[in-house]
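Following: one structure in structure tokens, then a few remarks.
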Amino acid sequence: MRHARLMFLVLFSLLAIGAAASTTASAVRFVENRCVEKTILSQGRHWETFTECQLQTTRDNLGRWQHNTALGAVAGTSAESELSGTIGEAEVIVKCKADTFTGELEEGGASKGKVIFEKCSVGNKKETFTKCEVPNIEFKFKDQLVGSPIEDEFKPASGTTFVEITIKGTSCIIKGTYPVTGTQICKLPSGETFKVDHTIECTPAGSKLEFNKHPGATFKGSETVELTAQPEWAVE
């Protein structure tokens, strides 16, 4: 009987931890720097008065004042980004000098969008394969704010494939089309600060990707994103 009670307590603890983790994840959302009074409280921070909400002072989770949810179109650009993977036995690096990023912020810290990587090339750590060409790389994604500190998890818009990368060239020895699958977690280093634009930083540490069905592919790059309506916004 004592053993059964112990097992019950362990199971209960695991369920409680899981519920807490789920609550934390679902409480993460995009907000704008505008205080509104809600008759029905939604997730996030709450204040007793409008002034306290504006100043973000003493917080009372029973108060009705809170930051308004940030929804709507976003756009962004980046500098150079890199995708490292394997073709056959050889490591290859696809570099793109710029991209255009468009998306839509949704309820509950979710969003969706499209990226077009431009001015791309392929090579390895020593050289660029000048006989190979990489046309613009375009794909759709969905993402969700997760964790504490807050991060952004990117997934394919549907299915398991982010994108198929085409490498061309009559004399290119690695020409072909290669799928990229998996997920990528990126950081928002100033996510909780109200700003017009935010940086999304992606590093190999957040990569759970496969390139051409080979595990261990990694991505690195940073994106500067803003709401097209231009208000200051943050994550909470």
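The values are calculated or read from the model by the stated rules, or taken from the named source; none is laboratory data. It should be emphasised that the depicted structure is a prediction, and the values quoted were computed from it without experimental measurement. When we count neighbours, we look across all protein chains shown, and the Cβ atoms used for this are built from the backbone with ideal geometry, even at glycine.
Worth a mention:
- Residue ranges of strands (runs of 3 or more DSSP E) in the stretch 88-202 with at least 3 members touching a residue at least 12 places away in the same chain (Cβ under 8 Å), farther than 29 Å from GLN56 by Cβ and out of contact with any Phe, Trp or Tyr (no Cβ under 6 Å at 6 or more places or on another chain): 90-105, 110-123, 137-146, 161-167, 176-187
- Hey, SER78 of a type in the set (Ser, Thr, Tyr), in contact (Cβ under 8 Å) with a residue 12 or more places away in the chain and buried (at least 19 other Cβ atoms within 10 Å of the Cβ) or not: yes
- So GLY109, is it touching a Gly at 6+ places or on another chain (Cβ under 8 Å) and closer than 19 Å to GLN184 by Cα: no
- Unmet criterion (only one of (1) among the polar types (S, T, N, Q); (2) surrounded by 14 or more Cβ atoms within 10 Å (Cβ to Cβ); (3) modelled with pLDDT of 95 or more) for ASN212: (3)
- Count - residues of the stretch 114-128 that are buried (at least 20 other Cβ atoms within 10 Å of the Cβ) and farther than 17 Å from GLY182 by Cα: 3
- PHE219 meets the stated requirement of being in a strand (DSSP E or B), at pLDDT 95 or above and among the aromatic types (Phe, Trp, Tyr).
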